[in-house]
Amino acid sequence: MDLNTIWFILISILFIGYFFLEGFDFGVGILLPFVSRDDTDRRVVINSVGPFWDGNEVWLITAGGAIFAAFPHWYATLFSGFYLPLFLILIALILRAVGFEFRSKIEAPRWRRMCDQFLFWGSFIPAFLWGVAFANFVRGVPIGADMNYAGGFWNLLNPYALLGGLTSLSVFTLHGAVFLCLRTEGEVRERAHGIAARLWGPAAVILIAFAAYGYVATDFHQQMGVVPGTMPLLAICSYIAILVFLRMERDGWAFIATSLTILFGAVVVFEGLFPRVLLSSLDPAWHLTIYNASSSPLTLKVMLGVALLFVPIILGYQGWSYYVFRQRLTRESIPEHALNRHGQGEKT
Amino acid sequence: MMDALSLARWQFGITTVYHFIFVPLTLGLSMLVAIMQSFYYRTGKDLYKEMTLFWGKLFVILFTLGVVTGIVQEFQFGMNWSGYSRFVGDIFGIPLAIEALTAFFVESTFLGLWLFGWTRLPKAVHLACIWLVALASSLSSVWILLANAWMQVPVGYVLRNGRAELQDLVAILLNERALVQIPHTILAGFVTGGLFVLGISAWNLLHKHRADLFARSAQIALVFTAVASLAVATTGHTQAQETVATQPMKLAAMEGLWETEGPASMSLFALHDRENMSSIREFRMPYVLSILAHNNLTGEVKGMKELQAEMEAAHGPGDYVPPVAIVYWSFRLMVGLGVFFILLSLRGLWNWWAGKLETRTGYLRVASLALFLPFAANTAGWMVSELGRQPWMVYGLLKTVDGVSPVVGPGTLWISMAGFTVIYGLLAALGFSLVYKFARPARAGEPPRTMAHLDGTHAY
């Protein structure tokens, strides 16, 4: 295996880690208005990802930095070409962070409601747009001989990409619902469980439609053969397993199943891309690949060493932080005095 | 109507200067919170725990603003500067990716653990969490400054395939510019954090609010700031000397020096006529620049006219003189404020030694207002460094005009510019009002501020 391939795999891992982790953050944010009845409920939901969301977001920052270092042309073409969607994602992530960090710092109900909007849209928009972006990667966008994006904003919003957006949106929402089942107790858990069970069917329809459309709109069948192989099969099995475990009320296993669905689904997408990273719809000769978009071998080698050293350490302490906060949250875990000002206990 | 290049530059300037309000502040503040919690760990006194919680709360507000504005930075190079990204990715991407792997993950994960972990973690482990946050913040600036130093003084590269490719990693890690600019910038962050704690403490002391808590906070901040501000000056001097050798044009602009001089005089005041390459109403002190630049009385310092000719000979015709007036005055503002910070912290230490820290209201008034000044000094320093490099993006290798994204038009840039400006403006108002809300002294009739939930249970 050459260095370029290893780096393609490493960046796939970073994105898969991002979608697995931020996937449930996004899902939790999207479900916030639907699983809570009062402010305490909403705080239970928000705190279910409270200690984690920022660390999860770093997977995206790292993926961005790694693409810059390993495949500078991919970085340059992608972010200058997908400019406005990325801009929207950035704005959404900013508002989401404000919603998390500052919501409980101001008591006014109007402010809290505004933060709930930030959390919802700040989760909804990226959850949708990442699907749009990846569908466009595999479908191909107008890229010229100079490696620059030659299309406009509307090129990115084609039907296939929009369906991709719906797919990621529904899978992340399902993932978030199952995560809430795992992290909470009582009514919030019941509601999240109900939503997960009801969402499974419609999401399956979207997934099937996206897969079928992909068969027509992309060159996946050439890439992967008529019998697509084990990864799609594993994705389907894990998706079915979600429903089985939801019915059995086995939250932990259901969460593993949604996680594996995201993992195998993303692997299928990256398999379909390989060895390309961004397809040109104008001329196959102008595809960006792991070879023409890459850094020098020395840079790839240096960064490989750094990644092999630090990624296991990161997995270690991030895993530990999940272990520290493994207890399920209840309405009782929300302290009444979170905002004690001037010595007076305030209900928040 | 501005063109895409100007818009992209303005956008980078606005987003970066804004981001750079919070970064130095949280660099210093995280250290101070870690120090305060260490006092708590050693003494077990509730006062220190309260102190940690109080400043920790302000730290988290400001850290959040640094994080959200930092995400934009990670992607902005690709969005607005794709030409640059293609040219430098091989080298510039390395520190950026390492920064995420070694610093951002540590900061974000351990901040979560620290914030929510007061009751869940053993005391020593919990203390280690805030120290990891503080050290990772400084480590992150090491990597980003290594990247910036390479733009100032490119080393360890070879021009191949139309871009700068990595040749010698060690040369990049030991870039002399980085070695002087990293301590200078981090220490400036410590001064920023120190004066923030000092200023808010002074404000509360002025109103005789929680004198126990804020006098002790001020004392810790004073020691911290005095050491850091002296070190900032020393490292700044070293950096200027290094600039004479590696970026003579920047130094000449900092000094408004048009003609080569040896012995060189230092300008105290000047109005610049950039078009005619001369200064009007100038006051210069003989020999001083030679001393500053070379530590002797006769050393020659090249002027911008000669350097312009040299640049033209090497890189073809063009205007290689940076915007002199901004660089010249930013430099003076930065140095002037730096000296003021040293005097302010030394004076505070003197007051403390004399037992009058809480009673000298004149000093407290000045100190409480001085908390805003480091931001001016930091921004001025950034302007000297980045505008003094113009017209180059990578000094001597890539011009700013060649770095901009060719496919991003003014319309798109106006949208993102408007979007970021509005959001950042709202964030500023929000951040300011939150800091004000949690930092202000209790008003007459209000009970004094306590962190009554001393168990530290935290929830959003």
Sort out which residues of the stretch B:32-59 are under 23 Å from the mean Cα position of the chain (by Cα) and either more than 17 Å from B:LEU111 (Cα to Cα) or open to solvent by 20 Å² or more (accessible area, probe 1.4 Å) (or both), and write them in order of number. B:ILE35, B:LYS57
If A:THR40 meets every condition in (1) under 24 Å from B:LEU113 (Cα atoms); (2) open to solvent by less than 20 Å² (accessible area, probe 1.4 Å) apart from one, which number is that one? (2)
Looking at A:PHE79, A:PHE87, A:PHE102, which is the one that is facing chain B (nearest Cβ under 7 Å), without any contact (Cβ under 8 Å) to a residue 24 or more places away in the chain and surrounded by 24 or more Cβ atoms within 10 Å (Cβ to Cβ)? A:PHE79
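Listed here are the residues, each with its yes/no results for (1) assigned to a helix (DSSP H, G or I); (2) out of contact with any strand residue (DSSP E or B) (no Cβ under 9 Å at 6 or more places or on another chain); (3) under 30 Å from A:ALA285 (Cβ atoms).
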{"site": "A:ARG103", "(1), (2), (3)": "yes, yes, no"}
{"site": "A:TRP111", "(1), (2), (3)": "yes, yes, no"}
{"site": "A:CYS115", "(1), (2), (3)": "yes, yes, no"}
{"site": "A:PHE124", "(1), (2), (3)": "yes, yes, no"}
{"site": "A:PHE128", "(1), (2), (3)": "yes, yes, no"}
{"site": "A:MET147", "(1), (2), (3)": "no, no, yes"}
{"site": "A:ASN155", "(1), (2), (3)": "yes, no, yes"}
{"site": "A:LEU162", "(1), (2), (3)": "yes, yes, yes"}
Kindly indicate whether B:THR421 is open to solvent by less than 20 Å² (accessible area, probe 1.4 Å), polar (S, T, N, Q) and more than 9 Å from chain A (Cβ to nearest Cβ). no
Count, please, the residues in the stretch B:153-170 that happen to be assigned to a loop (DSSP other than H, G, I, E, B) and more than 29 Å from the chain's Cα centre (by Cα). 3
Tally up the residues in the stretch B:1-31 that are open to solvent by less than 20 Å² (accessible area, probe 1.4 Å) and among the acidic types (Asp, Glu), please. 0
Can you tell me which residues in the stretch B:165-204 are touching a Ser or Thr at 6+ places or on another chain (Cβ under 8 Å) and of a type in the set (S, T, N, Q)? B:GLN181, B:THR185, B:SER201
Note on the stretch B:155-189: residues among the polar types (S, T, N, Q) and farther than 17 Å from B:PHE87 by Cα are B:ASN175, B:GLN181, B:THR185
Here is a check on your reading of the model: is A:TRP74 assigned to a helix (DSSP H, G or I), in contact with a Leu (Cβ under 8 Å, 6 or more places away or on another chain), open to solvent by 10 Å² or more (accessible area, probe 1.4 Å) and within 30 Å of B:PRO406 (Cα to Cα)? no
For the stretch B:75-92, name all the residues that are within 8 Å of chain A (Cβ to nearest Cβ) and open to solvent by less than 10 Å² (accessible area, probe 1.4 Å). B:PHE75, B:GLY78, B:MET79, B:ASN80, B:SER82, B:SER85, B:VAL88, B:GLY89, B:ASP90, B:ILE91, B:PHE92
Do you know which residues across the stretch A:1-55 are aliphatic (A, V, I, L, M), more than 26 Å from A:ALA133 (Cα to Cα) and in a helix (DSSP H, G or I)? A:VAL35, A:VAL44, A:VAL45, A:ILE46
Among the candidates B:GLN152, B:GLN167, which residue alone is touching a strand residue (DSSP E or B) at 6+ places or on another chain (Cβ under 9 Å), of a type in the set (S, T, N, Q) and within 14 Å of another protein chain (Cβ to nearest Cβ)? B:GLN167
When the stretch B:116-132 is checked residue by residue, the ones that are open to solvent by less than 40 Å² (accessible area, probe 1.4 Å), within 11 Å of chain A (Cβ to nearest Cβ) and in a helix (DSSP H, G or I) are B:PHE116, B:HIS126, B:CYS129
Can you find even one residue in the stretch B:93-115 that is more than 26 Å from the chain's Cα centre (by Cα) and either open to solvent by less than 20 Å² (accessible area, probe 1.4 Å) or over 29 Å from A:TYR18 (Cβ atoms) (or both)? yes
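The values are calculated or read from the model by the stated rules, or taken from the named source; none is laboratory data. Here the structure is a predicted model, which means the values were calculated and not measured. Positions of Cβ are generated from backbone atoms using ideal geometry, with glycine treated the same way; all protein chains shown enter the neighbour counts. Note: accessible area is taken over every heavy atom of the protein model, side chains too, but ligands, DNA and RNA are not part of it. Shrake-Rupley method; radii C 1.70, N 1.55, O 1.52, S 1.80 Å.
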